[in-house]
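Here's the structure, in structure tokens; my notes come after.
The values are calculated or read from the model by the stated rules, or taken from the named source; none is laboratory data. Note that this is a predicted model, so its numbers are computed, not measured. Cβ placement follows ideal geometry from the backbone for every residue including glycine, while neighbour counts extend to all protein chains displayed. Accessible surface is based on the protein model in full, side chains and every heavy atom, while ligands, DNA and RNA are left aside. Shrake-Rupley method; radii C 1.70, N 1.55, O 1.52, S 1.80 Å.
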Amino acid sequence: MGLFYRFGSRVIELAFRLWAIDLRVYGAEHIPRHGPAMLASNHIGYLDFAIVALAPPRPRRVVHFLARKEFFDIPIAGFLLRRFKQIPVDVHGDPLAAADAARSVLAAGGLVGIHPEGTISPSFTLRRAKSGTVRMAEAAGAPIVPIAIWGSQRLLTKWRKVRPPRKVTVIIRYGEPFIPEGRTASLRTRQLMGRIDALLRQCQADYPVQPEAGEDWWLPAHLGGSAPTAEEAEALLSAQSERRRQTDAA
């Protein structure tokens with residue numbers, strides 16, 4: 001592990017403490033200590049990658065997370081992401097370049113982090129995942145560690161004001177590494193998401209806080225909250241993507 005990554009992980013851990021985040025980590029021992037592996041997590045907030053990769057206990061290994069290229073274009077954020085050896089994904093250009101970079105990391109025996117859903121889920125439920133995760137893992141002969149995170153949407157998420165509260169509980173669960181089985185990549189991806197879903201349900205069941213009156217935006221509709229339904233969220237995401245395409249074309 002490089003000096004900057006080690007130093008950065010300590011700084012982020014300190015930031016979590018100053019922010020009074022109650023970070024509860026389960027199953028960190030499932031992260032392989034040697035050899036290649038994919039860390040595949042659900043995606044509900046902008047800080048998910050940092051929590052997954054750097055949550056205590058302090059990381060034993062560097063995690064190369066795939067992140068949207070737009071974040072690398074922000075001066076300070078881009079500098080930090082590059083120094084942390086994260087992988088930019090150009091979703092509106094050539095995403096295959098990121099896949100090649102991830103495969104190189106796995107071929108060298110490293111860890112790659114990824115959100116199979118591709119972007120934040122505004123409904124805070126699992127979106128339909130892409131098959132790239134299982135394809136990259138299979139090509140490298142690497143197991144996948146399913147991961148669920150819950151509570152991070154209360155810190156910083158899509159379409160919410162940047163006014164994160166203090167003393168927020170965030171739960172993260174790492175599942176046992178496994179190699180998906182199935183005739184098609186679609187079936188293997190569903191198997192992966194099934195494991196993530198089971199971990200997510202456990203996180204939600206163990207979550208110690210219920211939203212206050214009028215503040216249930218972070219709770220999914222099926223759990224009684226006012227977050228958009230999965231169908232509403234997909235419509236909003238499609239509209240956002242279309243606006244971005246029109247802006248890029250202009």
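Quickly work out the Gln204-to-Trp19 label distance, labels modelled 7 Å from Cα along the C-beta direction, and quote it in nm with one decimal.
Placing both labels 7 Å along Cα→Cβ, they lie 2.3 nm apart.
Counting only pairs 8 or more residues apart or on different chains, how many lysine pairs in the chain have their Cα atoms under 21 Å apart? Could you put the intermediate results ahead of the total?
Details: Lys69/Lys85; Lys69/Lys130; Lys69/Lys158; Lys130/Lys158; Lys158/Lys167.
Lysine pairs meeting both conditions in the chain amount to 5.
Under a crude label model (7 Å from the Cα following the beta-carbon direction), how far is Arg10 from Ser104 in nanometres?
Output for this residue pair reads 3.0 nm.
Among Gly35, His64, Ala50, pick out the residue whose Cα is farthest towards the positive end of the charge dipole of the stretch 1-94, where Lys and Arg carry +1 and Asp and Glu carry -1 on C-beta, about the Cα centre.
Gly35
Tally the DSSP beta bridges in the chain and give the antiparallel ones as a percent, rounded to 5. Don't jump to the answer; show the numbers that get you there.
Numbers: 5 of 24 bridges.
The antiparallel proportion sits near 20 percent.
Quick check for you: with a 1.4 Å probe and neighbouring chains kept, what is the accessible area per residue of the chain, in Å²?
Numbers: 12950 Å² over 250 residues.
I get 52 Å² per residue for this part.
Could you run the Debye sum over the Cα atoms of the stretch 12-75, one equal point scatterer each and no solvent, and tell me log10 of I(q)/I(0) at q = 0.24, 0.26 Å⁻¹, two decimals?
The computed values of log10 I(q)/I(0) come out as -1.25, -1.36.
Express the relative contact order of the chain as a whole percentage, based on alpha carbon pairs under 8 Å and six or more residues apart in sequence. Walk me through the numbers on the way to the answer.
Values: 419 pairs, mean separation 61.1, N = 250.
The normalised contact order for the chain reaches 24 percent.
Of Thr133, Leu192, Ala15, whose Cα points farthest to the positive end of the dipole of the chain (charges on the beta-carbon: +1 Lys, Arg; -1 Asp, Glu; origin at the Cα centre)?
Ala15
Using only the alpha-carbon atoms, what does the chain span along each of its principal axes? Please give whole angstrom values in decreasing order.
Rounded to whole Å, the extents work out to 50, 42, 41 Å.
What helices does the chain have that are whole DSSP H segments, at least 30 Å long along their own axis by Cα, and with mean Kyte-Doolittle hydropathy of -0.5 or more? Write down the numbers at each step before the final one.
Numbers: long enough: 185-206 (32 Å, -0.36).
TM-like helix candidates: 185-206.
What's the carbon and sulfur percent of the chain's accessible surface, probe 1.4 angstrom, rounded to a whole number? Write out the running numbers ahead of the final one.
Details: 7120 of 12950 Å².
Using a 1.4 Å probe with all protein chains present, the chain comes out at 55 percent carbon and sulfur.
Who wins for biggest fluctuation among Ala205, Ala50, Ala97 in a Gaussian network model of the chain, springs between alpha carbons below 10 Å?
In this elastic network of the chain, the residue with the biggest mean-square fluctuation among Ala205, Ala50, Ala97 is Ala205.
Kindly work out what percent of the DSSP beta bridges joining two residues of the stretch 58-190 are antiparallel, to the nearest 5. All intermediate terms of the calculation are to be shown ahead of the outcome.
On the way: 5 of 11 bridges.
About 45 percent, rounded to the nearest 5.
Pick out which of Arg183, Arg24, Arg82 has the largest mean-square fluctuation in a Gaussian network model of the chain, springs linking Cα atoms closer than 10 Å.
Per the Cα network of the chain with a 10 Å cutoff, Arg183 tops the list.
With n ≥ 4 as the cut-off for DSSP H runs, can you work out [θ] at 222 nm for the chain, using -39500 (n - 2.57) per run divided by the number of residues, rounded to the nearest 500? Intermediate results must be reported in sequence, preceding the final value.
Numbers: 8 runs with 99 residues, N = 250.
Roughly -12500 deg cm²/dmol at 222 nm, from the helical runs in the chain.
Which order, highest average first, do 139-149, 104-114 follow once you tally other Cβ atoms within 10 Å for each residue and take the mean per peptide?
Working: 139-149: 22.3, 104-114: 19.5.
For the peptides 139-149, 104-114, the packing ranking is 139-149, 104-114.
Summing Lys, Arg as +1 and Asp, Glu as -1, what charge do residues with Cβ under 14 Å from the Cβ of Glu231 carry, Glu231 excluded?
Taking every Cβ under 14 Å from that of Glu231, the sum is 0.
With a point put 7 Å past each Cα toward its Cβ, work out how far Ala250 is from Thr169 in nm, to one decimal.
Output for this residue pair reads 4.5 nm.
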